[in-house]
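Visitor: Have a look at this one.
The values are calculated or read from the model by the stated rules, or taken from the named source; none is laboratory data. In this text the structure is predicted, and so the values were computed from the model without any measurement. Using ideal geometry, Cβ is built from the backbone for each residue, glycine included, and neighbour counts are taken over all protein chains shown. Quick note on the areas: whole protein, heavy atoms, side chains included, nothing else; ligands and nucleic acids left out. Shrake-Rupley method; radii C 1.70, N 1.55, O 1.52, S 1.80 Å.
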Amino acid sequence: MSLRPTVNLYQDRGHVLETAPATEPVTADELRTQLRETATGLPDAEANDLITEARQLIEENTGLALITQSWIMALDRWPSGQEQWWSGTRQGAISELAGPVRQLELPRYPLRSLTSVTVYNDAGTPSVVDISATFDVDVYRKPGRMALKNGATWPIALRSTNAIVIVYESGYGAASDVPAALKRAVKQAAAYLYTNRGDACCAADALSAVSSMLMQYRVARI
């Protein structure tokens, strides 16, 4: 029996918001209508804060991006499959014998576009990757992905940490493009936060109130 390195399908990564949504999926007036509340009882500033909090709760717990937004993902290394194939006998699951991984998922979805890919050498010098020549960008799959074109290889990235920096755009578009069920989930979560203010209301409580609405938009993982 021979020893072999563990298959590395996932990478150490950082993931931060670069450009926040320009608007929210619902308005203060729409939230007040949901609550049967007046502008005196629920001013715009307070209503908008509740809407933003509700949207962020939903996005963080589903991986969705409702309104168009830009994200930066930093990786230490590209994904990999097993080490170089050899003709000896191996033990293990068939998934470990499938060869190198040639695609990378982008966490926030729906994916709109891949903005830039930059790799760094061991001296920290950046090099911008030609996306059109290197990757096929899949905006139909959820989450979206970037896959190596036939004949292409992962660009060389040698820096020990954050050797690859990927900028991408995700979201349905403007507020009018967000599915009705997700708008309703934002309104209901925001309404829950408002109705239960001062009652030690937590994020889990607000999310449980809309979990059934979000079920169809969650990505199932095996």
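Visitor: What tally of residues in the range 100-124 results from selecting those that are open to solvent by 60 Å² or more (accessible area, probe 1.4 Å) and out of contact with any Lys or Arg (no Cβ under 9 Å at 6 or more places or on another chain)?
Guide: Our first condition is that a residue be open to solvent by 60 Å² or more (accessible area, probe 1.4 Å); within the range 100-124, this holds for 100, 102-103, 112, 115, 122-123.
Retained after the next criterion (residues that are out of contact with any Lys or Arg (no Cβ under 9 Å at 6 or more places or on another chain)): 100, 102, 112, 115.
Going through the range 100-124 one residue at a time, the tally reaches 4.
Visitor: Testing A185 on (1) small (G, A, S); (2) touching a Ser or Thr at 6+ places or on another chain (Cβ under 7 Å); (3) not in a loop (DSSP other than H, G, I, E, B), one condition comes back false. Which one is that?
Guide: The one condition A185 does not meet is (2).
Visitor: Would you point out which residue out of Q91, Q84, Q56 is modelled with pLDDT of 95 or more and surrounded by fewer than 19 Cβ atoms within 10 Å (Cβ to Cβ)?
Guide: On inspection, the qualifying residue turns out to be Q56.
Visitor: When both residues are 6+ apart or on different chains and their Cβ atoms are under 6 Å apart, which pairs have a first residue that lies in the range 23-45 and is free of Cβ contacts under 8 Å to residues at least 24 places away in the same chain and within 13 Å of A190 (Cβ to Cβ), and a second that is part of a loop (DSSP other than H, G, I, E, B) and open to solvent by less than 70 Å² (accessible area, probe 1.4 Å)?
Guide: Taking only residues 6 or more apart or on different chains, the pairs are R32/L42.
Visitor: Given (1) closer than 25 Å to A190 by Cβ; (2) at pLDDT 95 or above; (3) open to solvent by less than 80 Å² (accessible area, probe 1.4 Å), identify the lone condition not met by D49.
Guide: So the condition that D49 fails would be (3).
Visitor: Something else: Report, ordered by the first and then the second residue, all pairs with beta carbons closer than 6 Å, sequence separation of six or more or different chains, a first member in the range 126-155 that is free of Cβ contacts under 8 Å to residues at least 24 places away in the same chain, and a second member that is open to solvent by 60 Å² or more (accessible area, probe 1.4 Å) and part of a strand (DSSP E or B).
Guide: Final answer for the pair search is K149/D136.
Visitor: On to the next question. Hey, can you tell me all the residues within the range 161-187 that are surrounded by 14 or more Cβ atoms within 10 Å (Cβ to Cβ) and either of a type in the set (V, I, T) or in contact with a His (Cβ under 9 Å, 6 or more places away or on another chain) (or both)?
Guide: Answer for the range 161-187, where residues must be surrounded by 14 or more Cβ atoms within 10 Å (Cβ to Cβ) and either of a type in the set (V, I, T) or in contact with a His (Cβ under 9 Å, 6 or more places away or on another chain) (or both): I164, V165, I166, V167, V178, V186.
Visitor: In addition: With the checklist (1) hydrophobic (A, V, I, L, M, F, W, C); (2) touching a Lys or Arg at 6+ places or on another chain (Cβ under 8 Å); (3) modelled with pLDDT under 95; (4) over 30 Å from A47 (Cα atoms) in hand, flag the one item V139 doesn't pass.
Guide: All conditions are met except number (3).
Visitor: Kindly establish whether L158 is farther than 28 Å from T68 by Cβ, surrounded by fewer than 19 Cβ atoms within 10 Å (Cβ to Cβ) and modelled with pLDDT of 95 or more. Before the answer, list the steps.
Guide: Numbers: farther than 28 Å from T68 by Cβ: yes; surrounded by fewer than 19 Cβ atoms within 10 Å (Cβ to Cβ): yes; modelled with pLDDT of 95 or more: yes.
Yes; evaluated as a whole, the condition is true for this residue.
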